[in-house]
Amino acid sequence: MNRTIRYTIGTLLLACLLLVALFRWLSTPSEETRAKSLAIVKRCSHYALVCRGQEIYAFGHDTVYTPAVWMNRWAAFPSCRGRLLTTDVPFADTLLTTGGSGVSTWTAKHIQATRQKVQRLNTLLQQLDYYLKTHDVKDYGFHEIMSFSQRTRKELAQAKHLDSLLQKVQHEKSLKIQRSTEYQVIYRGEGGVQEIACTPEEADTATGTRQHAPAKARALYLRTHTHQMAEGACAWTMRPWRDSIPQTLLFTRYGAQAALALRHPDLSANLTFEHKVYMPMPENYTGYWMDIHADGTGYAGWWQNGKRAGEGTVYNKAKQWKGVWRADTLPYGTRIDDTGTYRGELNRQGEAEGHGILTDCSGLYYDGKWRDGKKDGFGFMADGNGVLHVGEWKADKFLGERLLYHPDRIYGIDISRFQHEIGRRVYPIRWKQLRITHLGTLSKKKVHGNVDYPVSFIYIKSTEGTTIRNKYYARDYVQARKHGIHTGSYHFFSTRTSGTAQAKHFIRHTRFAATDLPPVLDLEPTHKQIAAMGGAEKMWKQVEAWLHAVERHCGKRPILYISQNFVNRYLVNAPHIMKGYAVWIARYGAYKPHVQLTFWQLSPDGRVRGIKGPVDINVFNGYQEDFHAFCQQKQGF
């Protein structure tokens, strides 16, 4: 074969190849190719405070998902080699330009915020420790609160470490803030989900795509570390005279902008929607699709036969719902809106329903039951000030803790002459028969089993004011100790005489033993009586005089017996009393008083075998080990 024939055959073959390439370039890709060319890019980024070239503190972590397409480098030829085209919406990162004095100012503000966080966490841990000290595994929610306490301790340790670290470097001249970003392509094919790391690559100017991309939503070119496509994927050939980006990606590009605008409202002013393209999802579609309208509402995620199935996010104005969808519903997921971030069970309307956790940037944390988007049922909440609430909620209102009554709790009674005198008759107490048989009728109580509890402690009224004495006191005191009941004595405070004179009267007519419970001051003045004394400040002076005199005499710090209303109105204005003395609260409702206390008088109309008539029933705030420790110490907790 001569040279002319070989040249002619070669020319024809080259022409055929060029015609095939031109045909492939001009032809519209099949639906199968379109489907296999689409992928998802996961962009994880964070800020870093850098000192002397080393990253010492990372913050502002964020994750954004954007659609992507596998892209051939050369038209009509399989030349992808792991290249991807996606969208890159720039962040309004003012921190990236922060340097020098700007970093120092930022660091100083962060130190202040960290110290406030440390203070809040310390307050919260004190209340968590108190709760765990006075409860055990038999109490509902104990394990959840124990776990929360452990997490809070770790968070406090991290905050203290950060505070120390920032103080050390705040005056360093080399301080700067950088943004670090990592990319990963996620491809779901017949073989399952594949995740491949990738990095940005400079634009290929031959395709013209960089020039055709909108200025504020520019194209981002990535390439996998392996320089290979995901298994089963197909690449797309770009046609610059028609579209810089395929029509499917054109839609998803603006959908990605709308989704990102919801996550970062401050960026919405910088976003442009030039084409406002909305492509309806194909009927019975299976795969990834962003069914998002020009106003930013819609769904971005995985579909199966036209229904949301798999990971996805719903956008609705200023709200997001994301999680794993099942047959077009999200039974459990995450909701983000102006109230914070909720993670838990959801109803069909996307409202919290069942169990879930709500957090916000102020430090609020609620873990518990929900109904129609409101806290409803048992739960515990730590607010932004570190105040802990544990108990039952109703339509977002905190009711309090409702105890479960069972034989392991420590029950006791308090008595006076009214447990002997009923009308004109006098009844003795049959000490050998003493058993608590009813917890009162003023509120419904959750009782496990039958009420038949021993009397573990008893307080007996000794005196009142400066002249009144309980004539049954001495006999009841002796009998109570004789029958092995932990015994204490109390004095009823009068607003008509001084605290010092009342203390002398109480000491003169009361018995004190080393093993007795701390003495109690029964403080029940009315608003009118307090006003007649000259106001709350003068009342507290007389109360303190009684407390100090009795403590000096018996060596034990007294306990204050007060009502819930008195706590709310007067005790909050005497913080030194509130912190320095244990309290015994009278509250005749279903819910435990929301204060730190030693005893709770839960009813005035209980029943005790061996005593005629109604009896005040009390419960100790803790269990046997705590009660034993309380009886051994000189003061309550």
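The values are calculated or read from the model by the stated rules, or taken from the named source; none is laboratory data. Predicted model only: the values in this text are computed from it and were never measured. Please note: Cβ atoms are built from the backbone with ideal geometry, for glycine as well, and neighbour counts cover all protein chains shown. Calculation scope for accessible area: heavy atoms of the full protein, side chains included, ligands and nucleic acids excluded. Shrake-Rupley method; radii C 1.70, N 1.55, O 1.52, S 1.80 Å.
List of remarks:
- With a Förster radius of 22 Å applied to the C-beta separation of residue 304 and residue 144, the computed FRET efficiency comes to 0.05.
- 3J(HN,Hα) from dihedral phi, the stretch 559-567, Karplus parametrisation 6.51/-1.76/1.60, rounded to Hz, x for glycine, proline: 10, 9, 9, 9, 8, 5, 4, 5, 4
- Residue list for the stretch 402-427, given a label point 7 angstrom along the Cα-to-Cβ vector of residue 612 and an amide N cut-off under 20 Å: 414-427
- Residues listed by number, the stretch 130-161, amide nitrogen under 15 Å from residue 115 label point at 7 Å toward C-beta: 160-161
- Two-site FRET efficiency, residue 167 against residue 425, from Cβ-Cβ distance with R₀ of 51 Å, rounded to 0.05: 0.10
- Of all aspartates and glutamates in the structure, those lying under 12 Å Cα to Cα from residue 109, and not within fewer than 8 positions of it along the same chain, are 163.
- Cβ charges +1 (Lys, Arg) and -1 (Asp, Glu), total dipole of the stretch 523-595, debye: 100 debye
- Karplus (6.51, -1.76, 1.60) ³J(HN,Hα), θ = phi - 60°, over the stretch 514-531, in Hz, Gly and Pro reported as x: 4, 8, 5, 6, x, x, 10, 9, 7, 10, 9, x, 7, 4, 5, 5, 5, 4
- Under 5 Å from the amide H of residue 617 lie the amide H atoms of 602, 603, 605, 606, each residue being 5 or more positions distant or on a separate chain, with H modelled from the backbone and absent for Pro and chain starts.
- Exposure of residue 193 as accessible area (Å², to 10), given a probe of 1.4 Å and all protein chains: 80 Å²
- Between residue 447 and residue 552, full extension at 0.36 nm per residue minus the direct alpha carbon distance yields a gain of 33.7 nm.
- Solvent-accessible area of residue 472 with every protein chain in place, 1.4 Å probe, in Å² to the nearest 10: 20 Å²
- Figure note: 176, 541, 168 ranked by solvent-accessible area, largest first, 1.4 Å probe, ligands and nucleic acids not counted: 168, 541, 176.
- Residue 311 sits with roughly 110 Å² accessible to a 1.4 Å probe, with DNA, RNA and ligands left out of the calculation.
- Measuring against 24 Å, Cα to Cα, the residue pairs 317/394; 160/592; 482/612; 446/556; 133/538; 482/592 contain 317/394; 160/592; 446/556; 133/538; 482/592 as the ones spanning a longer distance.
- Semi-axis lengths, Å, the stretch 383-474, gyration tensor of Cα atoms, sqrt of 5 times eigenvalues: 35, 20, 13
- Solvent exposure, largest accessible area first (probe 1.4 Å, DNA, RNA and ligands not counted), of 372, 136, 328: 372, 328, 136
- Where 348, 481 fall by accessible area, highest first, once all protein chains stay in place (1.4 Å): 348, 481
- If both residues of a DSSP beta bridge must be in the stretch 534-637, then about 40% of such bridges are antiparallel.
- One way to sum up the overall shape of the stretch 338-415 is the equivalent ellipsoid from its Cα gyration tensor, whose semi-axes run 29, 16, 9 Å, largest first.
- Largest-first principal axis extents, alpha carbons of the stretch 443-600, Å: 49, 36, 25
- Here the stretch 540-614 and the stretch 114-191 have alpha carbon centers that stand 36 Å from each other.
- Zero-based 10 Å bins, Cα pair distances in the stretch 280-419, whole percents: 11, 30, 25, 16, 9, 5, 3, 1, 0
- Extension gain (nm, one decimal) between residue 11 and residue 633, 0.36 nm per residue minus Cα-Cα: 213.4 nm
- Here r is the Cβ-Cβ distance between residue 569 and residue 197 and R0 is 51 Å; the resulting FRET efficiency, rounded to 0.05, is 0.20.
- For residue 393, the amide hydrogen comes within under 5 Å of the amide hydrogens of 377, 378, 379, 399, counting only partners 5 or more places away or on other chains and with H modelled in the peptide plane.
- Vicinal HN-Hα couplings computed from phi for the stretch 315-322 (Karplus, 6.51 cos²θ - 1.76 cosθ + 1.60; Hz; Gly/Pro x): 10, 9, 6, 9, 10, 9, 10, 9
- Candidate cross-link partners of residue 319 among the lysines, defined by an alpha-carbon separation under 17 Å and a same-chain spacing of 8 or more, comprise 374.
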